[in-house]
Every structure is written in C-alpha cells, then in structure tokens.
Amino acid sequence: LHQGRHGRTAYHFQPAKNWMNDPNGPFYHNGMYHFFYQYNPHGPTFGTGKLSWGHSVSGDLVNWAFLGTALDPTSPFDAKGCWSGSATTMPDGRLAILYTGLDADDVQVQNVAFAKNPSDLLLREWDKPSFNPIVPQPADITRNNFRDPTTAWLGRDGLWRFAVAAEVAGVGSTVIYRSADFITWERNAAPLHAAPGVPCWECPDFFPVVEHGTEGLDTSANGPGVRHVLKLSKAANEDYYVVGWYNDGADTFSPVEEGERGGDVRNWRRIDHGHLFGAKSFFDARKNRRVLWAWVDETDGSSYDGAKGWTGIQSFPRALWLDTDGKQLVQWPVEEIETLRRKRVALLGKEVGSGELHEIAGIETLQADVQVVFEIPNLEDAEQLDPKWLQHPQKLCAEKGATVEGGVGPFGLIVMASGDMQEQTTVFFRVFKHDDAYKVLMCTDLTRSSTKEGVQKPVYAGFVDVDVEKDKCISLRTLIDHSVIESFGGGGRTCITARVYPEHVATGSSHLYVFNNGLHAVKVPKLEAWELATASVNVEDDGLNAL
Ligand code: FRU
C-alpha cells in the first residue's frame, strides 16, 4: 500500500504518467462517462505548445480506462495546444467539443470538434473540421485572453449559446456567442458578466440548478423554479461562484446576492477554500444529478520539475445542488464512492472531553472515508468574533490553530499522523459569537503535515454557513487518499481540498484521531470511518478490462 507510491492516489483520478491540468468536456452518453483533461503526453510538466486532450471512460465515475488522446495539436488552428473546453450532447444526436486552440501564431481562438461516430461506445475519434476556428480572436481582446468555452445550451429561441472567458479592452469578462447550427457563431454585444478592475478569470462554468431539491438539470433547462450558477477561476487555485437569475432572451445574469457579495467577483463564494482550480460540471442523466470535477495541482514543487513522472490529480467527482437558502451550493462526493468501502470502524455516542484525543484504530487510514457529527451542547462560551476576521478566515485560523484552546472548539480530526505525531494534519471547527448569532470556522491546517522541506504547508479556512444554534451540531466528512485530503463541512456547504506529502507513509502507518481543545466536552453521536479499496484508475495494462 505504501511503498513506491510517492503520493500517487488510490481513488482520485490521475493519469498513469505525465502532466494533467484542467478537467475538460465531461459528459455521460450511452451508459458511459467520458472525461477529458488537459494532458501533456510527452512528459510530467506543463506542455508549453504541446497540450492534448487526454480521454478516459468509466461506467461508474470510480474506475477509469485511459483511451489515449482525443484532440492533439496538429492543425493550424490549434498547433500550439488544444486548451480547455467543454462537451455538448445535442438533441439531434451530434456530440460536440468546443475548445480553445492556441494557433500557429500563439493566438487563442475557439474551435469545434465532432464525434466521428456518436453511436460508437468509446468515442475515440473526434473530427476537427478544417473550417476552424469557428471564432477567431476579436479585435478588442487584450493580452491574448480569450479561452475556455463552456458547454453550450439552447435558448428558448432555438439558438445555441456558449460562454467564454475574455479580456475585453482590459476588462475580465464572460462573453456569450450564439449560433443556429453550432458552426456559425455570433457574439452578443453585451457580456454575460464583466468585472471592471479584475483581470481575465479563466474556465467559466455556467449551469442551471433547481431552486428546491437536489436533482440536477440539463444545461439547457430554464424557466420557473430554476436558478443559474456562474463560476469563474482565478489564477492560481481559487474558484468563485455566484447564484443568480439568467434571462435567456436578453442573455443577462443577475446575482441573487445583494451588494458586494454579488457585485464584486472577488467576494463571490468559493467552490473550495483549499487548493482546487478550473472546476467544471456536467449533467449526469444516468442519475439525474449535476457532477463537478476540478483540478488539484501538486504543492510539492513537482509541477515545475516533474520529479515524480506524474503531476496533478482531479478532485473526487462531487454531486452539487442549491442549498435551501438559495444562495450557496452544497457539494458531496458522488455516492459511487461507497462501492470502494471495505472495513468500517465506528464511534457511537462518545464524549470527547476538553484537551482529549481519541484514536480511531482498526482501519488503514491512508485511503479512507471518514464521516463524523459533533454535537455542541452549549454555545455559551463561544469566543467573540472580531469582525476584522470576517474577510480573512485563513488568517484567523493561522492565529487560532488546533492547539489554541477556545471556548467552543477547536474540535475535529487529526489525519495522516505519524506514530510520533511529528507529522499531522488537522481538520477542525471553531465556533464564534458574532452579533446575536454564531459563526462556524472550518480549517485545514497543513503547517505540520510533513517534515519534508520545500512543500507548501498553508492553513486553509472558510466559514460554514449553517445555523449551529438551531442544529446543535455540525458535520464533517473527510476523504483521505495518500496525498490529498478533501473535506466537506456542514454537509458540504464549505469544502477544503489540500495536497499533503507526509514522509512517514513511506515506511510507517498513519493514524487518525478525533480531538477537542475547547473548554467543554463535545459529543460525537456518530463517527464512521471506512477503509477504501484502490480503484482502477488509468492503469496502463489493465485498460478497458477494468470496467
Ligand atoms: C487554466 C488554463 C486555461 C487554459 C488551460 C491551458 O488552468 O490556463 O485557461 O485553457 O489552462 O492548459
């Protein structure tokens, strides 16, 4: 399990070797999930001038077979790279990819490719028509920022639309193109969104969610009871979103949140408060849900030197839906992860006293799924929140780490701990009093995650938008997979993904604990931890047999 893995994950998506960045064009078709990604077939570093679309398929979003590359930089309109984009499944049966080509002159343009034979199960072959680019770079684009087309959707006028990130005369914008035939595209005069004073943000995602419920919607869905989500990616490693109303007549989008929160992209909500980028969702008709992928880059320097021979993983696919507050998204690992569950251990009705540490023994915790509920009997001693921290949860967490005794909390998990506790990562909550209510802070603290030099060891944090006074408890789910820790606080309202590179895992086993450094005991009505099996993910010699 341990030796020779060098941080390779057991159930997160990654290629057998080489470089991977953004998720591209996920879709479900004919009983098969297709997933593409920015991929350098020639080596483990960002392939300047060389990026292809890697292509893998799966029957269950857990086990994957690598099919090679679907798009390669072989045409004048993508000679320097097949960059990010999305797939669209059309009512007439066609399957299209819209993607950015870095053309022979290094200019970013938008291209289309069609599945050669949509009834072929594996869809290995994609046709890049010679009439590309379908959208050359417009004259008002500045600094060559024009990329990452979304999945297209049909307006009620029968026209297709896609959104693309663009810097228009210096302004970071999300621009819309329309087409009747998917081939001739015309730009809307007004962008869907523009952020004066903010440079171009990348990888837009734009999709509908139901106002009430957890089911997903086809990307073209609209009408009563539907909201839309606009997501943009800010280099490096921060994805932001806002929920709003989309009018498909005028192609306008207005955030539901008032003031700064909705108005300024820098104040939008975070998809994840950790290290995650380029999120892209698709509608999964098989299970009637919307599923999100995102790139999780290395933080040990290997993105630059490719030392491990592979670089980059994807977050475990997450179902997502709109919370009952109508403003925030809820994200949750897709249920198929449960097929990997093996040995289970549980704690039921355990009280964790002030200053106590309790080991969860009996399973291999390097590849595990941990779910825990903390019951907070008494909020009286919650510390007062200095409002200056409201915009800076990360700094607050750095100041008040897991060992700094608080009123209510810190309590949470210690994961990937070495026997001597020299290496450990904490994922925890701390409850503050704020005005007449309470604020829950969630942190993942990597400062002691590894004894290795040269790896990033930040503190990640975000507030969790839950009513702790009413609920009297707060939940945490943490997925541990060798070099990644993905945590979902408050039922998936706040997510924190982190890459970790502990040294002890090469030779020793890892430990898992619950801890409480608050003033009073907290109750753990239920903690369950499952050891997870290793999925078959792009194993070279296994290939399609794994499915
Ligand atoms: C984001 C990004 C995209 C671009 C792609 C190239 O990580 O810069 O904007 O299309 O990567 O690999």
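Nothing in this text is a laboratory measurement; each read-out follows from the coordinates by a stated rule. Everything quoted here is computed from the prediction, not taken from an experiment. Neighbour counts run over all protein chains shown; Cβ positions are idealised from the backbone, glycine included.
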What distance in nm separates the two pseudo spin-label positions at E260 and T214, each 7 Å out from Cα along the beta-carbon direction? 3.4
When region 47-191 is reduced to its Cα atoms, the Kirkwood hydrodynamic radius in Å: 15.8
Binned at 5 Å from zero, the C-alpha pair distances of region 186-237 give percents of 4, 15, 21, 19, 17, 15, 8, 0
Unsatisfied cross-links (Cα-Cα over 25 Å) in the set K327/K526; K231/K526; K395/K457: K327/K526; K231/K526
A correct Kirkwood calculation over the Cα atoms of region 472-547 returns a hydrodynamic radius in Å of 15.8
Here the Kirkwood hydrodynamic radius of region 127-170, Cα-based and in Å, equals 12.2
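Calculate for the chain the 222 nm mean residue ellipticity that helices alone would give, adding -39,500 (n - 2.57) per DSSP H run of length 4 or more and normalising by residue count, nearest 500 deg cm²/dmol.
Numbers: 4 runs with 20 residues, N = 547.
Per the formula, -500 deg cm²/dmol.
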Under 8 Å for C-alpha pairs, at least 6 residues apart: give me the relative contact order for the chain, rounded to a whole percent. 16
Please report the antiparallel percentage of the DSSP beta bridges confined to the chain, to the nearest 5. 95
Estimated dipole of the chain in Debye, rounded to 20 [Cβ of Lys and Arg +1, of Asp and Glu -1, Cα centre]: 320
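Using a ≥ b ≥ c from the Cα gyration tensor of region 191-299 (square roots of the eigenvalues), is it rounded, prolate or oblate, where a/c under 1.5 gives rounded and otherwise the larger of a/b and b/c decides, a/b for prolate?
Working: a/c = 1.94, a/b = 1.15, b/c = 1.69.
Oblate is the answer for region 191-299, as a/c is 1.5 or above yet b/c matches or exceeds a/b.
Give me L396, L98, L348 ranked fewest to most by other Cβ atoms within 10 Å of their Cβ, as a rough exposure proxy. Don't skip to the answer; put the middle values down first.
Details: L396 22, L98 27, L348 9.
With the fewest neighbours first, L396, L98, L348 line up as L348, L396, L98.
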How about K116: which lysines have a C-alpha closer than 22 Å to its C-alpha, ignoring those fewer than 8 places off in the same chain? K128
I'd like the Karplus ³J(HN,Hα) series for region 59-66: coefficients 6.51, -1.76, 1.60, θ = phi - 60°, whole numbers in Hz, and an x wherever there's a Gly or Pro. x, 9, 6, 10, 9, 10, 10, 7
Sticking to Cα atoms, compute the Rg of the chain to one decimal and its Dmax as the biggest Cα-Cα distance, whole number, in Å. 23.0, 69
Furthest towards positive pole of dipole, T89, G401, G412, structure part the chain, Cβ charges: T89
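Given the convex hull over the Cα atoms of region 283-433, what projected area results after averaging over all orientations, in nm²?
13.4
Counting residues in region 225-361 as N, plug N into 2.2 N^0.38 Å and put the Cα Rg over that result.
Details: Rg = 19.2 Å, N = 137, 2.2 N^0.38 = 14.3 Å.
That works out to 1.35 for region 225-361.
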Using only Cα atoms, locate the centre of region 205-239 and the centre of region 2-46, then give the distance between them in Å, rounded to an integer. 24
Phi-based couplings in Hz for region 9-21 (Karplus 6.51, -1.76, 1.60; Gly and Pro marked x): 8, 9, 9, 8, 6, 7, x, 4, 7, 6, 7, 9, 10
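Please go through region 178-270 and write out the GluC sites (Glu not before Pro) that DSSP classes as loop and that have at most 15 other C-beta atoms within 10 Å. Walk me through the intermediate numbers first.
On the way: sites: E186, E202, E211, E215, E238, E257, E258, E260; in loops: E211, E215, E257, E258.
Loop-located and lightly packed - E211, E215, E258.
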List the cysteines in the chain whose Cβ has no other cysteine Cβ under 4.7 Å from it. C82, C200, C203, C473, C495
